[in-house]
1. Restricting attention to region B:95-113, does a residue exist that is farther than 19 Å from A:E87 by Cβ and assigned to a strand (DSSP E or B)?
2. Report yes if B:I155 is assigned to a helix (DSSP H, G or I), surrounded by 12 or more Cβ atoms within 10 Å (Cβ to Cβ) and more than 11 Å from chain A (Cβ to nearest Cβ), otherwise no.
3. Based on this model, can you work out whether B:L147 counts as within 30 Å of A:Y6 (Cβ to Cβ), of a type in the set (A, V, I, L, M, F, W, C), within 25 Å of the chain's Cα centre (by Cα) and within 9 Å of another protein chain (Cβ to nearest Cβ)?
4. Would you please name the residue that is nearest to the other protein chains (Cβ to nearest Cβ), looking only at residues in region A:93-138 that are in a strand (DSSP E or B), farther than 19 Å from B:N118 by Cα and open to solvent by 40 Å² or more (accessible area, probe 1.4 Å)?
5. Read through the list (1) over 26 Å from B:V144 (Cβ atoms); (2) at pLDDT 90 or above; (3) open to solvent by less than 30 Å² (accessible area, probe 1.4 Å), then give the number of the only condition that A:A67 fails.
6. Scan region B:110-141 residue by residue and report those that are under 21 Å from B:N74 (Cα atoms) and at the interface with chain A (Cβ under 10 Å from one of its Cβ atoms).
7. List the number of the failed condition for B:I36; all other conditions in (1) in contact with a helix residue (DSSP H, G or I) (Cβ under 9 Å, 6 or more places away or on another chain); (2) away from chain A (no Cβ under 11 Å) hold.
Amino acid sequence: MHSFVYRANALLTLGVTVLALMCAMASLSDNLNVPSPSAHVHVLNINWFQRQRDGNDEVSLTLNISANLQSMFTWNTKQAFVFLSAEYETPKNSLNQVSLWDGIIPSQEHAKFWIHATNKYRFADQGSNLRGKEFNLTLHWHVMPKTGRMFADKIVMTGYRLPEEYR
Amino acid sequence: MGWVAEQMDSIKSLQIRQVLTQGVSLGMIVTSALIIWKALMCITGSESPVVVVLSGSMEPGFKRGDILFLHMSNDPIRAGEIVVFNVDGREIPIVHRVIKVHEREDTGEVDVLTKGDNNYGDDRLLYAHGQLWLQRHHIMGRAVGFLPYVGWVTIIMTEKPIIKYILIGALGLLVITSKD
């Protein structure tokens, strides 16, 4: 009855159960944190704005992004993935989300940042609708936990507009 | 050696009734595992509710051997979500992040572009030849939860099948020889 195998089995079961419980508690404790992040983005320059050979409008921007996301870090946070997307409507598409810049924040010390960047990914439309287009810039973040549930949220910044003419 | 001899004795001393009981209990274990898997499929709406990360393309977020829990609801797909998708002509599903979304006004269909956090460029090179966008039907689910390291068990077992057979054999022997 109380052979070595049984004892090993019982020990393993207990160990796994305790680990699973601790993981669940760590993940649940994330719910207690109420983050209050802030972000500001300025479009400093339109570097160029053209209609490409495939008929799609494409634009290159220089952006200034400043954000303070320190409050979203908890002891169960492995990293936060932050990205800035341009979001707009066109007659054909009810929603267009184009990621312009992204970054990985490895720790709380790096969560207050200020950068100056041109768009990392192509800001291209499906079609030719970008002239004079109003768009939102949205800073999204996805918090990756050490274990458990992943969180995501965003700050929407409105009132940006592209020029009426290609340049 | 005493342990082995003891086990051999217990196998020899098996009665028909006992063999049947052991068979039934083995069946119970297998079917309950199946029930849990199928129930998870129903709850999450994804055909594979749990996936193991096989490549380092999402490091440092997800490393090889981590487990992801998937969920597939009717909610629209949005930029930033981590999705698991199948590309035509590729057997192994890929776990990457959505970076661009274009959603149609009339039909609600989506065009999606993905990228691995640790990759330099987007995934158009991974898609089928000439494919520019992923559609809804390529996507198997989105990742909602994360558990580190546990997936190593399956990685080791698929890469070193001998360990799998030893483990299954040992567990089978344990079930057959147990006297409860």
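1. yes
2. On the way: assigned to a helix (DSSP H, G or I): yes; surrounded by 12 or more Cβ atoms within 10 Å (Cβ to Cβ): yes; more than 11 Å from chain A (Cβ to nearest Cβ): yes.
Yes.
3. So B:L147 fits the description; yes.
4. A:N136
5. (1)
6. Passing the criteria: B:V110, B:D111, B:V112, B:L113, B:W133.
7. In the conditions (1) in contact with a helix residue (DSSP H, G or I) (Cβ under 9 Å, 6 or more places away or on another chain); (2) away from chain A (no Cβ under 11 Å), B:I36 misses (1) alone.
One line per residue, one yes/no per condition, for (1) hydroxyl-bearing (S, T, Y); (2) within 30 Å of A:A20 (Cα to Cα); (3) within 13 Å of the chain's Cα centre (by Cα):
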{"residue": "A:Q108", "(1), (2), (3)": "no, yes, no"}
{"residue": "A:W114", "(1), (2), (3)": "no, no, no"}
{"residue": "A:G127", "(1), (2), (3)": "no, no, no"}
{"residue": "A:L130", "(1), (2), (3)": "no, no, no"}
{"residue": "A:E134", "(1), (2), (3)": "no, no, no"}
{"residue": "A:W141", "(1), (2), (3)": "no, yes, yes"}
{"residue": "A:G159", "(1), (2), (3)": "no, no, no"}
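The values are calculated or read from the model by the stated rules, or taken from the named source; none is laboratory data. Just so you know, these numbers come straight off a predicted model, no measurement behind them. For neighbour counting, all protein chains shown are included, and Cβ atoms are generated from backbone atoms with ideal geometry for every residue, glycine included. Only protein heavy atoms, including side chains, enter the accessible area calculation; ligands, DNA and RNA are left aside. Shrake-Rupley method; radii C 1.70, N 1.55, O 1.52, S 1.80 Å.
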